[in-house]
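See below for the structure under consideration.
The values are calculated or read from the model by the stated rules, or taken from the named source; none is laboratory data. Keep in mind the model is a prediction, meaning the values are calculated, not measured. Here the Cβ positions follow ideal geometry from the backbone for every residue, glycine too, while neighbour counts run over all protein chains shown.
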Amino acid sequence: MKILGGKRKLRSNSALAIAAGCAVAFMFIATIISTVLYKQRMEEAVNLLAEAKYNQYDSYAVMITSNDDSTFWQQVYKSAKDYGKENGVYVDMISQSVDASFSKQELLEMAIEAGCDAIFIEGDDSEETAAKLSKAKRNGIAVFTIGSDADLESRISYIGANSYSVASMYGTALVDNVKTKAKVMVIGANTVNENMESTFINNLQTSLIGENKDNVNLQFEARAIAETGPFAIEEYVQNLFKENDLAPIVICLDEETTAAFYQAMIDYNKVGSILLFGSDKSQTILTGIKQHVIVSSVYVDAEALGKAAAAAVAEYRDTGYVSDYISVDAKLIDSRNVEEELQEVDSE
């Protein structure tokens, strides 16, 4: 009986070993297939971009942002493309040209491999982005940061709003709406890094000096949403409300976080108990201002940003020089002008 029992155990171990071997083999084959398919998609995308380069234009520029589908960046892209068309610059948002989802760094690699003349990119402080921008520079590609800056050594020019002017607009809104000392949460998505938030808060505090003694001593707390993914921002904001980890005053520094916070205030019945100051301009954000859920929002003129970006490429192509910093206007939207902005959005 002991011998028979031993034989049964041996057979069981053999079956497990065979099953494990099959599983490893399957995973190995699946990995190879996935890698091959991924490389094929990358090659197809690069070939597609290379074809666009020679489409009767003098320059080929690629635009890459943190969220190409957002209202703001779609407006920037349209403006850049329209202006570029009249000035010999073909502007391409490559995420709109391919049928697969790629990361920011992968899109940068495609642009480099396609041999584009210029790259417009929403800057960030990641090492991966810095490495790709450095590679672009080595390949003779002119890099222009838009909206937010990146590695100074790799880019030709930064195009965006003056950071102090933007902070001053938030300061004006605070003075008009906050009458007592309070805690202020400053929050941004993964495109708004800690250095940017720190600079924003310093500029905001400087702008408040002399405006209102109570507001000068507001306590600021910076939060950065480091997570990425389709629902990362919504989940982060939802958790703040679930855990009641909030402040009486909230400033959101990007469109997605503003929209997520606005919706959460409604879902968790916090309207009236939190003063929300947002960023950018979309149908959702403007509706929030009209409903008095969002106090105000500061946005950079998307059309002007896109035009300035395309013009910078044309100038650099024609002269070999362009300004290190190109300023674009920002605007404060509140209850006084929200109807005008809504009409403008509806007509687009």
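A few points about this structure:
- Hits in the stretch 130-188 (condition: β-branched (V, I, T), surrounded by 19 or more Cβ atoms within 10 Å (Cβ to Cβ) and farther than 20 Å from D280 by Cβ): I141, V143, I156, V178
- Restricting the stretch 313-348 to residues that are in contact with a Ser or Thr (Cβ under 7 Å, 6 or more places away or on another chain), aliphatic (A, V, I, L, M) and outside any helix (DSSP H, G or I) leaves a set whose member that is farthest from E153 (Cα to Cα) is I333.
- Qualifying positions in the stretch 298-321 - without any contact (Cβ under 8 Å) to a residue 60 or more places away in the chain and more than 17 Å from the chain's Cα centre (by Cα): E315, D318, T319, G320, Y321
- For the condition free of Cβ contacts under 8 Å to residues at least 40 places away in the same chain and either closer than 16 Å to V186 by Cα or surrounded by fewer than 17 Cβ atoms within 10 Å (Cβ to Cβ) (or both), D324 does not qualify.
- Some residue of the stretch 290-298 being among the charged types (D, E, K, R) and either touching a Pro at 6+ places or on another chain (Cβ under 9 Å) or surrounded by fewer than 19 Cβ atoms within 10 Å (Cβ to Cβ) (or both): yes
- In summary, no strands (runs of 3 or more DSSP E) completely within the stretch 75-170 bear 2 or more residues that are in contact with a Gly (Cβ under 7 Å, 6 or more places away or on another chain), in the same structural domain as G188 (by TED's automatic domain parsing) and modelled with pLDDT of 95 or more.
- Tabulated pairs, the stretch 171-194, first over 23 Å from S148 (Cα atoms) and in the same structural domain as V237 (by TED's automatic domain parsing), second assigned to a helix (DSSP H, G or I) and acidic (D, E), C-beta under 7 angstrom, 6+ apart or interchain: K179/D214; T180/D214; K181/D214
- Filtered residues of the stretch 171-201 (kept if of a type in the set (K, R) and assigned to a strand (DSSP E or B)): K183
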